[in-house]
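Taking it in order: structure first as structure tokens, then the write-up.
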Amino acid sequence: MDNKEIFRTLQAQTTPFPIGLEISRAEGLFIYDTNGKAYYDLVSGLAVTNIGHRHPKVIEAIKKQLNTHLHVMPYGEFIQTPQLKLAEKLNEILPENLTTSYFVNSGAEAVEGALKLAKRYTGRQEIIACHKSYHGSTHGALSVSGNPVKQSAFKPLLPDVNFITFNKLDELDRITKNTACVIIETVQGDAGVRIPELCYLQKLREKCTETGTLLILDEIQTGFGRTGSFFAFEQYGIVPDVLVIAKALGGGMPIGAFVSSKEIMDCLTHNPMLGHITTFGGHPLNCAAAVANIDVILEENLVKEVHEKGEIMKELLSHSLVKEIRQIGLMFAIDLETEEITQKVVERCMERGIITFWFLSCPASFRLAPPLTISFEEIEEVCGVICEVFDGINS
Ligand code: PLP
């Protein structure tokens, strides 16, 4: 069998039409296929490689850790330096109530842990989430993802999950003293970059505090500089009770975390003991990579220019084919007239050496989320090519 056949038959697929680009290597802003063709990765491996592919400092940290130890013992039983350093680093960059980190392997797993934590801490059962949200594909995370089509084939899901409309103030009254938690993306990603009003998130925070409900902010897609601040919640003057992070945390390595106060997190240590466990969560290689990744973002001051780069990109992409651009920092949803046009744009960009992608719940839009390291010249270049693709479809 050749590689394409193995890919199609022996490797499980989630769509009937995977892109099937065969990768030879990736570096910085670029992915190279096996023919040596370079592609601008304008989606950062879906909001993962915020500092670009294979940043030298991340590679160095991984190599250094390789020379000491890999997996030794799970469940937080042993003291492992990379885990300590990452917990400390997160503590340094997060507000004072978010002191204590629990490391997992992915975003969905961080969501699972956060939901369990909220139920355990409050002793309540009801979970409130938003329509059109996406929090992951495992049973619990799918239960709180507001996409009835994706949910319906896998029912029954978690009970006592109720949905409210994102950014709709009057629905916040549905949060009561029976609600264990509200889980919400600070900016909805897969719904097509939906940016809430300042007053919405502030009122949500107030309502959660008033009712003793834990506010879980999902910054899995928005974290690590993507929206123009280290975390998007900083732009809204609020702080969650539990923060979930993953994707860009590991600088290209698979790691997630849920972070809360020590008081809340301590619930997982008794009644029952070992309230949440994972064998590979907080793997030393991934923690070492994550520490280097955060250092790179801080040392290279990568967040500073994100707003400006985003604004310039938005301006350069305004075109008669585009119906609307929703953008915060370097996170974009570009609405076109139809799903068919979107399909063509994504395909033609690919032919021109630019990787863009679709959204899960916004079929007539495509996404852009370039590495924060993209330069102003590169922004001009890629936007020029994308506009040529738009021209080709218009003519
Ligand atoms: N939450 C948000 C906002 C996401 O965008 C994603 C993934 O796209 C997840 C959770 C799930 O993360 P993972 O795919 O690592 O399980």
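The values are calculated or read from the model by the stated rules, or taken from the named source; none is laboratory data. In this text the structure is predicted, and so the values were computed from the model without any measurement. Every residue, glycine among them, receives a Cβ derived from its backbone with ideal geometry; neighbour counts consider all protein chains shown. When the accessible area is computed, the model is the full protein with side chains, heavy atoms only, and any ligands, DNA or RNA have been set aside. Shrake-Rupley method; radii C 1.70, N 1.55, O 1.52, S 1.80 Å.
Test residue 352 against the stated conditions and say whether it is surrounded by fewer than 16 Cβ atoms within 10 Å (Cβ to Cβ) and either within 16 Å of the ligand (Cβ to nearest atom) or of a type in the set (Lys, Arg) (or both). Here the answer is yes, as residue 352 does meet what is asked. Summed over segment 1-44, the residues that are free of Cβ contacts under 8 Å to residues at least 12 places away in the same chain and either touching a helix residue (DSSP H, G or I) at 6+ places or on another chain (Cβ under 9 Å) or β-branched (Val, Ile, Thr) (or both) give a count of 8.
Applying a threshold of 7 Å to beta carbon distances and a minimum spacing of six or more residues, or different chains, the list of pairs starting in segment 206-222 at a residue that is more than 16 Å from residue 196 (Cβ to Cβ) and away from the ligand (no atom under 16 Å from the Cβ) and ending at one that is open to solvent by 10 Å² or more (accessible area, probe 1.4 Å) and assigned to a loop (DSSP other than H, G, I, E, B) reads 211/176; 211/177; 212/177; 214/241. Scanning segment 157-170 for residues that are surrounded by 17 or more Cβ atoms within 10 Å (Cβ to Cβ) and not in a loop (DSSP other than H, G, I, E, B) yields 161, 163, 164. Consider segment 117-135 and keep the residues that are hydroxyl-bearing (Ser, Thr, Tyr) and within 16 Å of the ligand (Cβ to nearest atom). The one that is surrounded by the fewest Cβ atoms within 10 Å (Cβ to Cβ) is 133. Just so you know, in segment 244-276 the residues that are of a type in the set (A, V, I, L, M) and farther than 19 Å from residue 84 by Cβ include one that is farthest from the ligand (Cβ to nearest atom), and it is 273. Considering segment 313-338, the residues that are more than 19 Å from residue 188 (Cβ to Cβ) and of a type in the set (D, E, K, R) include one that is least open to solvent (accessible area, probe 1.4 Å), namely 337. Residues considered: 50, 91. Of these, the only one that is under 22 Å from the mean Cα position of the chain (by Cα), over 19 Å from residue 214 (Cα atoms) and either open to solvent by less than 10 Å² (accessible area, probe 1.4 Å) or within 14 Å of the ligand (Cβ to nearest atom) (or both) is 50.
Residue by residue, here is whether (1) over 24 Å from the mean Cα position of the chain (by Cα); (2) at pLDDT below 95; (3) of a type in the set (Ser, Thr, Tyr); (4) more than 21 Å from residue 375 (Cα to Cα) holds:
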{"site": "37", "(1), (2), (3), (4)": "yes, no, no, no"}
{"site": "40", "(1), (2), (3), (4)": "no, no, yes, no"}
{"site": "58", "(1), (2), (3), (4)": "no, no, no, no"}
{"site": "70", "(1), (2), (3), (4)": "yes, no, no, yes"}
{"site": "109", "(1), (2), (3), (4)": "no, no, no, yes"}
{"site": "132", "(1), (2), (3), (4)": "no, no, no, yes"}
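Selection over segment 278-299 of residues that are under 17 Å from residue 93 (Cα atoms), open to solvent by less than 30 Å² (accessible area, probe 1.4 Å) and over 19 Å from the mean Cα position of the chain (by Cα) gives a count of 1. Applying the set (1) touching a strand residue (DSSP E or B) at 6+ places or on another chain (Cβ under 7 Å); (2) within 13 Å of the ligand (Cβ to nearest atom); (3) polar (S, T, N, Q) to residue 138 leaves exactly one unmet item: (1).
Given 189, 228, which one is within 26 Å of residue 103 (Cα to Cα) and in contact with a His (Cβ under 7 Å, 6 or more places away or on another chain)? Exactly one of 189, 228 is within 26 Å of residue 103 (Cα to Cα) and in contact with a His (Cβ under 7 Å, 6 or more places away or on another chain), namely 228. Within segment 120-153, the set of residues being within 20 Å of residue 256 (Cα to Cα), in contact (Cβ under 8 Å) with a residue 40 or more places away in the chain and not small (Gly, Ala, Ser) comprises 134, 135. With respect to being part of a helix (DSSP H, G or I), more than 17 Å from residue 318 (Cβ to Cβ) and among the acidic types (Asp, Glu), residue 388 falls outside the description.
The set of residues from segment 219-241 being outside any helix (DSSP H, G or I), of a type in the set (Asp, Glu) and open to solvent by 10 Å² or more (accessible area, probe 1.4 Å) comprises just one member, 241.
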